[in-house]
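Take a look at the structure set out below.
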Amino acid sequence: MRALLTRSIHRPSLGALSILTMWAALAASCVNGPAVMTEQAEARRLAAQLQVSFANANEAANRAVLADTDEASIAAAKESEDASTAAQDAVAQLEPRLRSLGYKDEISSLQRFTAKFDECRKLDGEILPLAVENTNLKAQRLSFGEAQDSADAFSKSVEAASAVARGADGELQASRAREAVVALQVLQARHIAEADNAAMDRMEQQMTGLERNARAALDRLRTLTGGKAGTDIEAATAALDRFLDVNRQIVQLSRRNTNVRSLALTLGRKRVVAAEAEDQLRSLNDVLASHAFQATR
């Protein structure tokens, strides 16, 4: 009987074991609680940083496309690449923290974002090099600059030659020559803005015809002056040659269409994918914020 009583005194009851287990769990939670809260805070910080970096990358890429100088395009493209790298770094740090916290839904949101983010980066890899080339912008500057100067010089010389010819036919040929160059300038503007290759082909055929018209009118004017306006005709011919040379440069740049193509990509697929990625980031940040709210209750 004494031995039985002794064993009963030293053997813990089921109730005592339950109490000990509860206290052990509470102790563990007290130890791990701050660590979990720290992980949660770091996850929220990284998610917020990711959202800002992604937004900055998109905004800078848009500025690169819309910039009106090479320097501004290059600077904005570099900003976009740097912000995109920062976003990638945030993803790399955020995912393991979400896994350590056991946040399966948040991990799924991050993975969906990452898929869209990777597509955005691929699109930017095409958009940004096009944006910094600025071929349409350069073509436009040539059209408004050197081409316009040459057209003005041509018109002035033709006008002087027609005065020597002194006749209705002389004025008619001078008018035809000037009209051909003006029509070429109109086609330049349309060509620079055009995105369709077939349409550009048609414009270039028209340009070839207008060049023939201008030269034919100038030759007729030379004949009508009987050599008396040799200096003016030669000046007009030189001005026309300069204009047509610049026109060829404009067409080559316009054919590259880098501004038109980068803008089309930005307003098309990139805009859709970026919006989808932003939705995933907002969802991720909202859910992480709800964990913080629950932890403080």
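Given R0 = 41 Å, the distance between the Cβ atoms of Thr85 and Gln249 translates into a calculated FRET efficiency of 0.65. Secondary-structure-derived ellipticity at 222 nm for the chain, considering helices only, amounts to -31500 deg cm²/dmol, per-run term -39500 (n - 2.57) for DSSP H runs with n ≥ 4.
Going from the residue with the fewest nearby Cβ atoms within 10 Å to the one with the most, His191, His291 rank His291, His191. Measuring r between the beta carbons of Glu39 and Gln111 and using R0 = 30 Å, the FRET efficiency lands at 0.95.
Given the choices (i) 1.31; (ii) 0.93; (iii) 1.92, Cα Rg over 2.2 N^0.38 Å derived from the coordinates of this structure is entry (iii). Exposure proxy ranking for Lys116, Lys270, based on other Cβ atoms within 10 angstrom of each Cβ and starting from the fewest, stands as Lys116, Lys270. Rounded to the nearest 0.05, what FRET efficiency do Asp201 and Phe144 give with R0 = 30 Å and r taken as the Cβ-Cβ distance? Could you check? Once rounded, the FRET efficiency stands at 0.80.
Applying a length cut-off of 30 Å (Cα extent along the axis) and a mean Kyte-Doolittle floor of -1.0 to the DSSP H helices of the chain leaves 14-66, 70-101, 104-133, 168-193, 197-225, 230-256, 271-295.
Mean-square fluctuations from a GNM of the chain, with a 10 angstrom spring cutoff on Cα atoms, peak among Thr258, Thr231, Thr69 at Thr231.
Read-outs throughout are calculated quantities, based only on the coordinates presented, and are distinct from any laboratory measurement. Because the structure is a prediction, the values reported are computed rather than measured. As a convention, Cβ positions derive from the backbone with ideal geometry for all residues, glycine included, and neighbour counts pool all protein chains shown.
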